[in-house]
Amino acid sequence: MDIVHAAQTGSHDGFLAGYRPSLANAGANGRSVLTGALTNVDPGARLAIATRLLDDGADPRATTDGGANTLHALLGNARLDPAAEAPLLRRLLDGGADVNAVAEGYGTPLQLLVSQFAYTDEALAPFYRVLFARDDLDLLRTGAFARSTYATAAGSRRRAALRARMERYLDARGGTRG
């Protein structure tokens with residue numbers, strides 16, 4: 001049984017059928033089992049499996065060969081449950097996941113979240129609260145398409161509330177807008 005595939009595609013019960021705590025940091029094809037779990041399309045299964053893995057010592061700092069980390073895996077999902085998953089996002093960050101990591105083709109985790117047009121800023125607010133609570137969030141770091149996260153949001157008509165939040169964050173830290 002490929003435990004990464006089971007984490008990515010299975011139910012929580014299905015995953016547990018072939019899982020042992022010693023597999024919490026297993027990997028296959030350049031992906032950790034935690035990264036696989038965070039790409040599970042079912043938000044409930046994703047949350048349950050990822051929580052179990054973290055409880056068993058999975059490393060939230062895991063990255064793929066292309067630079068995507070656990071934050072990219074979580075925030076890049078087509079089906080998100082921001083209210084339920086915000087504590088998971090916080091736990092990944094508290095465990096050392098890099099909030100400013102740049103993944104090929106995706107940019108930073110927040111830049112990837114900006115591209116989630118199926119969700120309004122209001123719907124994504126639980127994620128935003130977690131991300132903007134961090135002092136190390138770099139909104140001006142160059143990410144996807146040689147643009148900063150701030151520039152990406154500023155160029156989007158759909159992200160006015162996020163842009164305003166970013167401007168408050170930058171102003172409070174004496175940052176310029178790039």
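The values are calculated or read from the model by the stated rules, or taken from the named source; none is laboratory data. Everything quoted here is computed from the prediction, not taken from an experiment. Glycine gets a Cβ as well: all are built from the backbone with ideal geometry, and neighbour counts include every protein chain shown.
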message: Whether any residue in region 51-64 is among the β-branched types (Val, Ile, Thr) and within 19 Å of Gly107 (Cα to Cα) is what I want to check.
response: yes
field: Near pairs, Cβ below 9 angstrom, 6+ apart or cross-chain, from region 139-151 (part of a loop (DSSP other than H, G, I, E, B)) to any residue that is modelled with pLDDT of 90 or more and among the basic types (Lys, Arg)
entry: none
- prompt: Can you tell me which residues in region 119-133 are exposed (fewer than 14 other Cβ atoms within 10 Å of the Cβ) and under 18 Å from Gly95 (Cα atoms)?
  reply: Ala133
- request: Among the numbered conditions (1) surrounded by fewer than 16 Cβ atoms within 10 Å (Cβ to Cβ); (2) not in a helix (DSSP H, G or I), tell me where Asp98 comes up short.
  value: (1)
query: Quick one: which of Gly67, Gly44 is at pLDDT below 95 and under 22 Å from Leu112 (Cα atoms)?
result: Gly67
message: Which condition from (1) more than 17 Å from Ala37 (Cα to Cα); (2) under 12 Å from the mean Cα position of the chain (by Cα); (3) hydroxyl-bearing (Ser, Thr, Tyr) is the one that Thr120 breaks?
response: (2)
